[in-house]
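Working notes, beginning with the structure itself.
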Amino acid sequence: MAGFTDAAFRRICGSFGADYAVSEMISAAALTRYDRKTADLAKITAGEPPVVLQIFGREPETMARAADMLLSGDYPGCSYAAPPAGIDINMGCPMKKIVSNGEGCALMLHPDRAAAIVSAVREVCERHGVPASVKIRLGWDAEIAPSFARRMAEAGAERITVHCRTREQMYAPSADPSAAARVAEAIRDTGAILVGNGDVASPETAAVYLANGCREVAVGRAALGDPWLFRRLKHPEEDVRPTLEEIKSLVVSFVADVVRERGEVRGVRESRSRAAYFIKGMRGSAALRDRLNRAVTFDEFARAVEEWQEKE
């Protein structure tokens, strides 16, 4: 979810019922070199749900140092309205630029190194009184998640999120929630919490994960255009869908939020494609998307949305 789960979007998810949120991936190596752009990814603002900061890397010492910097706030540019709720270690990212460095899902090929990272980060988290967690996949090109998850739990991970695809599968075909059952059985006596992830786009899918041994579910791409999903997950019996007015209001307020944080030019530019998720598939969305892509100022952006509302 790099490039999407910033503070503005996390606030939206929290307002609809997300119990906690996970930050964009933070490079441990870059943070320990005091890179300011990396520090900005760790910003926690007012109005957010509890935020777990997610780090990635391949060296146990560097990962532990990054975790300590984040939890202590001892780095230039630190800005927390509330302290981090924990540290999550990314061992699930499938992107080539990450795995080619031996990071992300590539760590599942090296369980000893992965366990050493978890152990080092867990020690830091214990000192700061917060949990250490891990995000994994089913494996690289074959399922090894049960044995791998157990190693991570024994090394100190208190929560393990499993994306129910392998790295080879990337994001297709559909995730397999039934695979979570084997992971749940493998870590049953460790005390670690299993979180199911992959195609959680409805209360029905969430129920399948829970039936297969998960105690929680993690919502990813499905929330990009439908943060109301968190409300439906909490209250599936209601299944209240947003009105057109609610959708449009959220689009405008979201971009206004980003503009306040990043400035008008950058904020509008970076919000165009993200705002499109909220209107995807709706009547007239292609024409509106074209106008949004040409908007330079926030007023132009908001006017396009308002005029589209009038046409509807």
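Nothing in this text is a laboratory measurement; each read-out follows from the coordinates by a stated rule. Quick caveat, the model's predicted, so the values are computed rather than measured. We place every Cβ from the backbone using ideal geometry, glycine too, and count neighbours over all the protein chains shown.
Annotation: peptides 11-23, 145-157, ranked by per-residue average of other Cβ atoms within 10 Å with the highest first, follow the order 145-157, 11-23. Taking the helices alone, the chain has a mean residue ellipticity at 222 nm of -14000 deg cm²/dmol, built from -39,500 (n - 2.57) per DSSP H run of at least 4 residues and averaged over all its residues. The peptide list 233-239, 207-213, put in order of mean Cβ contacts within 10 Å with the highest first, becomes 207-213, 233-239. For the range 236-254 versus the range 1-52, the inter-centroid distance based on Cα atoms is 23 Å. The phi torsions of the range 248-259, fed into the Karplus equation with coefficients 6.51, -1.76 and 1.60 and a -60° offset, translate into couplings of 5, 4, 5, 4, 5, 5, 4, 5, 4, 5, 5, 5 Hz, rounded to whole numbers, with Gly and Pro shown as x. Inter-label distance, Arg113 to Arg283: 5.5 nm, where each label sits 7 Å from its Cα along the C-beta direction. In a simple Cβ point-charge model (Lys, Arg +1; Asp, Glu -1; nothing else charged), the range 178-231 has a dipole of about 60 debye relative to its Cα centre.
Ranking Ala132, Gln169, Tyr20 by Cα position along the charge dipole of the chain, where only Lys, Arg, Asp and Glu carry charges on their C-beta atoms, puts Gln169 farthest toward the positive end.
The residue among Ala222, Leu107, Val265 whose Cα reaches farthest toward the positive pole of the charge dipole of the chain, with charges on the beta-carbon of Lys, Arg, Asp and Glu, is Val265.
Please report, in debye to the nearest 20, how large the charge dipole of the chain is about its Cα centre when each Lys and Arg carries +1 at its beta carbon and each Asp and Glu carries -1 there.
The dipole of the chain has a size of about 620 debye.
Hey, can you rank 283-289, 50-56 by average C-beta count inside 10 Å, highest first?
Highest-to-lowest ranking by the protection proxy: 50-56, 283-289.
Taking a point 7 Å out from the Cα of Arg266 in the direction of its Cβ, the residues of the range 1-39 whose backbone N falls within less than 18 Å of it are 2-10, 24-27, 31, 34-39. Rounded to the nearest 10 degrees, the inclination of helix 264-279 to the longest alpha-carbon principal axis of the chain is 90 degrees. Between Ser72 and Arg241, the FRET efficiency estimated from the beta carbon spacing at R0 = 41 angstrom works out to 0.40.
For the range 7-234, the mean projected area of the C-alpha convex hull, equal to one quarter of the hull surface, is 11.0 nm².
Counting only Cα atoms, the size of the range 244-311 along its three principal axes is 30, 22, 19 Å, in decreasing order. Tell me which aspartates and glutamates have Cα within less than 13 Å of Lys248's Cα, excluding those fewer than 8 residues away on the same chain? Straight-line reach from Lys248, under 13 Å: Asp226, Glu306, Glu307, Glu310, Glu312.
Here, the range 175-312 yields an orientationally averaged convex hull projection of 10.1 nm² when only Cα atoms define the hull.
Quick one: if the Förster radius is 22 Å, what FRET efficiency do Arg36 and Lys97 give, using the C-beta to C-beta distance and rounding to 0.05?
Details: r = 21 Å, r/R0 = 0.94.
So the FRET efficiency works out to roughly 0.60.
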